[in-house]
Amino acid sequence: MRRGDEKFPDNGFEAWGGYMHAKIAKLEEQFSARAGTEDIITNIFNGVSIYVNGFTIPSADELKVLMTKHGGIYHTYQRSDDYIIASNLPDTKVKNMSLVKVVKPEWITDSIASNRLLDYRDYLLYKNSRTQRQLNFKKVLKNDNSSLSETKNFNCEAGSLFPNEIQNTLLGENNLGDITMHKNETESKPIPNDPLPSTSNTVLLEKSKENNISVDLNQHKPSTVAKTAADPNFISEFYNNSRLHHISQLGACFKQHVNDLRENSNFLFPAREDLKKSILAKYDYNNFSQLKFEKNKVIMHIDMDCFFVSVGLRNRPDLRGKPIAVTHSKGGQGRPKRPGVDRSTEFGLYKQKQMKKLGIATGKPEDEIVFETRVDNITDEDDKYGSMSEIASCSYEARAKGIKNGMFMGAALRLCPNLETIPYDFDGYKEVAYTLYNTIAQYTLDIEAVSCDEMYVDCTELLADMNVNVQSFASMLREEIKRKTGCPCSTGFGGNRLQARLATKKAKPDGQFFLTEDLVEDFIFEIKLSDLPGVGRQTAQKLESLGHVTCGSLQTLTLATLKCQLGIKTGAQLFDQCRGRDPTPLTFHTVRKSVSAEVNYGIRFENENQCIEFLKQLSAEVHSRMQQFKVIGKCITLKLMVRDEEAPVETAKFMGHGFCNVINKSTSLSTATNDVEIITREVISICKKQNIDPKEMRGIGIQVTKLELINSKPSKGSISKFLTNNKVVKKETEVKSELNTDSKMFEVAESIKKPVTNESYGSTSPKKSPVAKRRGRPPKSMKTQLSSTKNAMSKFLQGQNVTRDLPYKDPMIRDVPKEVPHNIEQPRPKGLIGLPWDKVRELLRAWLESGQSPLQCDVDMIVAYLQEMVVNKNTEKLFVLMNFLRRMTKEIGRNDWLKVYDHVTEQVQNAMIAVYGKRLFISD
DNA sequence: ATCCTCCCCTAC
DNA sequence: TAAGGTAGGGGAGGAT
């Protein structure tokens, strides 16, 4: 029995498909004419079928659209007669395949541009022999004067999946490794008020017609290298090479990417059908048992295996299976000790500090505390184990020897003398990450981005919709990711995010694990506390000193004890975690709360001027980021790292910060700003007050918090005002009398003290294209713009033909337990989606005035439409429609219609909470 | 009680 | 040589 049956009893009218269906059939005709014109433009690719392998520009999704529009065929899985479109292939693949039809994506784009099918042989990725690779690059090398903002900031524009990326190059055996590749400057936007105007002279290497061309690129390398922060190019140089900076930027970039995808999606996932077909073709379902997860939720955690290493190994198959580390250091060469270095003193200070901390935390005498540090294996000698270059990522073979991420190269070499190193490939990480995210996004957008190589995915709806079992889904998905990226990944499944995450750890490397309900209790018992997310070095050591190393052991402590030992929140979290519980829902939409920039490397000033000059530059950097994210802020914090008086002047790590004291000082402004002058002034003022010898500075950071969106009008009428939390809703309803006009109802409460946080900061959606404007739809990337429109429309049309057989009832509704309101559980029926909101209002009015009893299928359609508005952030019109519905149902005053209103409201608010974390303010 | 500032911790 | 960033959660303790 359908859940809705009780609420909306069938009165016999439903057999006709419902009132709404009949009505919209007419509207649909208007659209069908338009949709048709967008279908096929030319027949250039008549009879041509392609299969896209790996990362390409345009992306596979974009190529799919292009092929469809120009009469060609796109295959998700490779067929024998397909042209293989690729920009690069891992050597392993090259060895095992025929290359006669491996063609560069430019074949497609150039053919479209010249409106005829060009000879594919001119676009072969490999010609004649496998070793003769065609160089195909159009690339900009920058010289030493280039502006920093052009090179270090990632660009996450939704307009193209990978807009500023360099053309993929085939370096092959040519050793061009130490040349820095940069984005094409012609695509970089000038940043207004940028205090560092671009003075870069660029060298454009035009595409060569020759094979095996040899260009002496070394002559373009920077002639001088910025050594310390006193050098004007230092920030740029440093950020370009900083792994942590890249990790952080990429993380933020993909959180935004998910925001953008959700914002621009119609939440139809045609790729599900393809996947389902290949699963059915490949797997015998009898081999799989039906897995049951806690609370019937299926949360997937997905994580690339030793990400940086895997990406680096795509071009170095010869190194597979060996102990590998990604690091700046070449490794192996001993270096004479810098004068003044006193590692033992410096490391001693670190140890002392840690000991003191633990002594306070545990109440033990300091000499009883035993602990390890990562400097334990580093000596003061100028031998080959002295490198303090950090390992960003290491292969599983290296891990087997005890090497860990973050370890110093010297210590690692001591553990594994034959450890091989590979350089960073920051562009590669971004490519692979995009492919990863876009692959998942084909199937669902219930994604919480964690970092560039890791995310949580709520698969509950997806799996129910596809009606496939989770094992085969996991296998096919991982296969697809490996095929597209050339990198392995692991997935874990559980009933909540903690379980999924722990399952991934178990699955690694290159595996999958399903932590089903029946396994949780035993599984969690053995888990080490230090493996729990949120439990780092300090917490783990503290817990160990309390006598607990595993979750099972910690289960003996009461909630009160844990809270007392670790604080209220942390204690409660740990109490849950060690039992495998995790009440925190996935968050699909993130809102930025701070912007900061800091440099704790290479800070060596000779005088105050240099320090002030650096503060100006760093302020400019923060200002530039604030512009990028479109925020202003009220609170400015300066962070200073100052050499501890006992620490040696020369640090153990070259240009490192050494043993320091940290100072944080902040100012609160009366009004939010992103003015570079104000930031600079405040920051310099704070710095001067500290009275620190510039020679002793080792690190500087600037952070801006209490953010507001630029252009968010604090006055009434702003969209932000519709969004408010429950608390405020209550308060306001008490105060406000019933409002009758739509416009008046826009006045919504807002917490006065809290900054506006309803919209994602730093949305990088492109300007609306003329097409998008004409349709009145949100801006979309090329991919979503074309495919979604087509799909929405064509599915809409199809839907009409089968209306009577398939009323818009969703089986999911009855399957999903009601107590999980965090996510939008229902796949959206297609009926109304795509219609202008005012048309829908007319339909609503007609429906409400029809005198009929409401039908479930019509209600579902309305709900789907309104939820789509939430997702598209069309809150303004949503607000109008909701209030319209409220007023109309009240006027009718019949119980069944009032129930409809309650039901719709509940569904819309669920969507609001999922997307914004807040409820829509509705007058009652 | 609740806020603010200045930390500390964690994660990637 | 080496590139030790950045955002968010939370706690202690003082101001309101």
In nm, spacing of pseudo-spin labels at A:D902 and A:K330 (7 Å Cα→C-beta vector) | 7.5 nm
Once you've got the Cα coordinates, tell me which of A:K322/A:K528; A:K356/A:K706; A:K227/A:K430; A:K64/A:K430; A:K593/A:K839; A:K634/A:K873 are over 30 Å apart.
-> A:K356/A:K706; A:K593/A:K839
Using per-residue counts of other Cβ atoms within 10 Å, averaged over each peptide, order A:437-444, A:560-567 from highest down.
-> A:437-444, A:560-567
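Ordered by packing density, taken as the mean number of other Cβ atoms within 10 Å over each peptide's residues, highest first, how do A:349-356, A:313-320, A:253-260 rank?
Most protected by this proxy first, the peptides run A:253-260, A:313-320, A:349-356.
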Using alpha carbon centers only, region A:648-685 is separated from region A:557-627 by a whole-angstrom value of 15 Å
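Given 0.36 nm per residue, what is the gain on full extension from A:R681 to A:E526 after removing their alpha carbon distance, in nm?
Computed gain between A:R681 and A:E526 is 50.4 nm.
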Pop a pseudo-label 7 angstrom from the Cα along the beta-carbon direction at both A:R316 and A:V225 and give the gap in nm to one decimal.
-> 1.8 nm
In terms of solvent-accessible area of protein heavy atoms at a 1.4 angstrom probe, what is the ranking of A:F654, A:F45, highest value first?
-> A:F654, A:F45
Nearest-0.05 FRET efficiency for A:L415 and A:E646, computed from C-beta distance (R0 35 Å) = 0.70
The correct pair for region A:519-581, radius of gyration to one decimal and Dmax as a whole number, both in Å and from Cα atoms, is 10.4, 30
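Can you work out the FRET efficiency for the pair A:K890 and A:K593, with r the C-beta to C-beta distance and R0 = 56 Å, to the nearest 0.05?
Efficiency at R0 = 56 Å is approximately 0.90.
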Given the Cα-Cα distance of A:E372 and A:S49 and 0.36 nm per residue of separation, how much length would full extension add, in nm?
-> 110.4 nm
In nm, the gap between the two label points placed 7 Å beyond Cα toward Cβ at A:K277 and A:T584 is 4.1 nm
Which order, highest average first, do A:461-474, A:277-290, A:601-614 follow once you tally other Cβ atoms within 10 Å for each residue and take the mean per peptide?
-> A:461-474, A:601-614, A:277-290
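Full extension from A:L118 to A:K689: what is 0.36 nm times the residue separation minus their Cα-Cα distance, to one decimal in nm?
Working it through step by step, the gained length comes to 198.7 nm.
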To the nearest 0.05, how large is the calculated FRET efficiency for A:S344 and A:M655 if R₀ is 22 Å and r is the Cβ-Cβ distance?
-> 0.65
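The values are calculated or read from the model by the stated rules, or taken from the named source; none is laboratory data. Note that the structure is predicted; figures quoted are calculated from it, not measured. Here the Cβ is made from the backbone with ideal geometry for all residues, glycine too, and neighbour counts use every protein chain on show. Areas reflect the complete protein model, heavy atoms only, side chains present, ligands, DNA and RNA absent. Shrake-Rupley method; radii C 1.70, N 1.55, O 1.52, S 1.80 Å.
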